[in-house]
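The values are calculated or read from the model by the stated rules, or taken from the named source; none is laboratory data. Treat the numbers as computed from the prediction; the structure is a model and nothing was measured. Quick reminder, even Gly has a Cβ in these numbers, built from the backbone with ideal geometry, and neighbours come from all protein chains shown. These area figures cover heavy atoms from the full protein model, side chains too; ligands, DNA and RNA do not enter into them. Shrake-Rupley method; radii C 1.70, N 1.55, O 1.52, S 1.80 Å.
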Amino acid sequence: QALYEDLAAIKAGIPDLHAEIHSMIAAGDYVFTELTWAGTHTGDLFGIHATGNPIMHNGILVRRLADGKIVESWEIWDDFTLLNGLGLVSSWDEIVAGQTSGE
């Protein structure tokens, strides 16, 4: 239920959200997925007002299955790239060059 609620909130902030699966591998009871969510931030997203910016969120998901259902789940997300797209942090190149969003 929590997953459906989070997805609904994300879709409200990024109505054109789409996912691209780069790779998916199954091994035993586990499924590993590498993916990118992308879209345009045109609505409130967890309290962040619309920026109109294109955003990306890269991730790796690990799911353990039993009896055809997900029984355990782990996710690793590149939040830095998402926050940069939202204009909340400088890009890596700007940080390395000594330019930060606070300057």
Please get the size of the charge dipole for the chain, origin at its Cα centre, with Cβ charges of +1 on Lys and Arg and -1 on Asp and Glu, quoted in debye to the nearest 20. 240
Give me the one-decimal nm value for the distance between modelled label points at ALA12 and TRP92, 7 Å along each residue's Cα-to-Cβ direction. 3.3
As I understand it, the dipole of the chain uses +1 on the Cβ of Lys and Arg and -1 on the Cβ of Asp and Glu, about the Cα centre. Which of PHE32, GLY85, GLY68 lies farthest toward its positive end? GLY68
Nearest 0.05, what FRET efficiency do ASN53 and GLU5 give at R0 = 25 Å with Cβ-Cβ as r? 0.55
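Find the accessible area per residue for the chain; the probe is 1.4 Å, ligands and nucleic acids are left out, and the unit is Å². Walk me through the numbers before you get to the answer.
Details: 6900 Å² over 103 residues.
Ligands and nucleic acids excluded, the result is 67 Å² per residue.
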Here, ASP44 and ILE60, labelled 7 Å along Cα→Cβ, have an inter-label distance in nm of 3.5
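Which of rounded, prolate or oblate describes the stretch 46-98 when judged by the alpha-carbon gyration tensor and an a/c cut-off of 1.5? Please list the in-between numbers first.
Details: a/c = 4.28, a/b = 2.17, b/c = 1.97.
Prolate, because a/c is 1.5 or more and a/b exceeds b/c.
Give me D for the chain in µm² s⁻¹, whole number, from Stokes-Einstein with Rh from the Kirkwood sum over alpha-carbon pairs, 25 °C and 0.890 mPa s.
Numbers: Rh = 15.3 Å.
Answer from the Stokes-Einstein relation: 160 µm²/s.
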If one compares the long axis through the Cα atoms of helix 2-13 with the longest principal axis of the Cα atoms of the chain, the angle in degrees, nearest 10, works out at 30
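Highest mean first, how do 12-19, 37-44 rank when packing is the count of other Cβ atoms within 10 Å averaged over residues?
Working: 12-19: 14.8, 37-44: 16.8.
The most tightly packed comes first, giving 37-44, 12-19.
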For the stretch 45-103, give the percent of accessible area contributed by carbon and sulfur heavy atoms, probe 1.4 Å, rounded to a whole number. 58
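May I ask you to derive the relative contact order of the chain, considering only C-alpha pairs under 8 Å and at least 6 residues apart, and to give it as an integer percent? It would help to have the intermediate numbers written out before the result.
Details: 178 pairs, mean separation 19.7, N = 103.
Relative CO of the chain lands at 19 percent.
Around ILE21, what is the net charge, scoring Lys/Arg as +1 and Asp/Glu as -1 over all other residues with Cβ under 15 Å from its Cβ? Walk me through the numbers on the way to the answer.
Details: positive: ARG63; negative: GLU20, GLU34, GLU75.
Its environment carries a net charge of -2.
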